[in-house]
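Participant: Quick one: structure below, then a few questions.
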Amino acid sequence: MLEGDGLLALWNGVDPTRTSEYHLWHTREHVPERVSVPGVVRAYRYVDGDGPLPACLTLYDLATLDVLTSPPYRTLLDNPTPWSRSMRPSFRGFLRLACRPLARCGGGTGGAVLATTLGLPRGLKLPDATGLLRDLLAIPAVTGAQVAIVAPDSPSVPFTIGGDMPEFPRDGVLVLDGYDRTALMAAYGAIRRCLKQSPLADAGTAWTSYALGYIVSAADLPGIVTVERQATP
């Protein structure tokens, strides 16, 4: 379960000819590099998306959203490694949402998530969201739930990403953890029924399930072994 006062949610697909290289780069270079930035608490890398959102989802737990304008973070954005520079044009459907948590319930980290982007109704209050998340946790397959809203003043990335920008709502994110992906997907009907009784009844329609691929925190960095760039076949 995320714990910081900021959340960076990133979705993307990748050129099919570079899928294997992407997963190696993202796991062994890119995510550890981002977690090395002061204030990036932890990163959760999700893969194998099943649904309308892009196939890969990365959640960065941030101490605050100020991390995204800090000199160490901006230095990484402006000075990518050669491998990172080569990967950027191969992204597809890139979507980046810098958010402030609205409510979180549950605990632990599940092996899968159901995630959607949100078009939030005006005037949504914290007690409303907290009550909804507690109701969702009553569904046995759901072990954690969090909703976050996009910070309107968050900076964009200063580079061009390959492929078209996907057309999904961009007001926030709703992420549900589960102990088992199959069980979580089977609970979708119950999740939708729960949402219909809440202010988020029509907020999210692009529900997509993901398998957990990797978690890394700053404490893990000394043990991570870097790898050289792999040539694309």
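Values quoted throughout were computed directly from the atomic coordinates according to the rules given, and no laboratory measurement underlies them. Bear in mind that the values here come from a model prediction, so they are computed numbers and not experimental data. Glycine gets a Cβ as well: all are built from the backbone with ideal geometry, and neighbour counts include every protein chain shown.
Participant: Could you tell me the center-to-center distance, by alpha carbons, between the range 1-22 and the range 127-142 in angstrom?
Facilitator: About 25 Å separates the Cα centre of the range 1-22 from the one of the range 127-142.
Participant: Decide, for the range 6-221, between rounded, prolate and oblate: order the square roots of the alpha carbon gyration tensor eigenvalues as a ≥ b ≥ c, take rounded if a/c falls under 1.5, and otherwise choose prolate if a/b is larger than b/c, else oblate. Write out the running numbers ahead of the final one.
Facilitator: On the way: a/c = 1.68, a/b = 1.49, b/c = 1.12.
Since a/c reaches 1.5 and a/b is larger than b/c, the shape of the range 6-221 is classed as prolate.
Participant: Related question: On the principal axes of its Cα set, how long, how wide and how thick is the range 98-231? Give whole Å, largest value first.
Facilitator: In descending order, the Cα extents are 51, 33, 27 Å.
Participant: Binning every alpha carbon pair distance of the range 21-122 at 5 Å from zero, what are the percents per bin?
Facilitator: 2, 9, 19, 23, 23, 15, 7, 2, 0
Participant: Could you compute the longest span of the chain free of GluC sites (Glu not before Pro) located in DSSP loops and having at most 14 other Cβ atoms within 10 Å, not counting the site residues?
Facilitator: Values: sites that count: Glu3, Glu167, Glu228.
So the longest stretch without any such site is 4-166.
Participant: Follow-up. Please give me the summed charge of the neighbours of Arg181: other residues whose Cβ is under 14 Å from its Cβ, Lys and Arg +1, Asp and Glu -1. Could you put the intermediate results ahead of the total?
Facilitator: Details: positive: none; negative: Asp48, Asp50, Asp177, Asp180.
The answer is -4.
Participant: Classify the range 11-56 as rounded, prolate or oblate from the Cα gyration tensor: take a ≥ b ≥ c as the square roots of its eigenvalues, call it rounded if a/c is under 1.5, otherwise prolate when a/b beats b/c and oblate if not.
Facilitator: Numbers: a/c = 3.09, a/b = 1.56, b/c = 1.98.
Verdict is oblate for the range 11-56.
Participant: So, one more: Using a simple spin-label model with points 7 Å from Cα along the Cα→Cβ vector, what separation in nm is obtained for Asp164 and Arg229?
Facilitator: 3.0
Participant: Roughly speaking, what % of Cα-Cα pairs in the range 137-209 are separated by over 14 Å, rounded to a whole number? If you can, show how the numbers build up before the last one.
Facilitator: On the way: 1806 of 2628 pairs.
Considering the range 137-209, 69 percent of its Cα-Cα pairs are separated by more than 14 Å.
Participant: Suppose only helical runs count, i.e. DSSP H with n ≥ 4. What mean residue ellipticity at 222 nm does that imply for the chain under -39500 (n - 2.57) per run, divided by all residues and rounded to the nearest 500 deg cm²/dmol? Can you show the working numbers first?
Facilitator: On the way: 7 runs with 53 residues, N = 233.
Value at 222 nm, helices only, nearest 500: -6000 deg cm²/dmol.
Participant: Once you place label points 7 Å from the Cα toward the Cβ at Leu221 and Ala183, how far apart are they in nm?
Facilitator: 3.5
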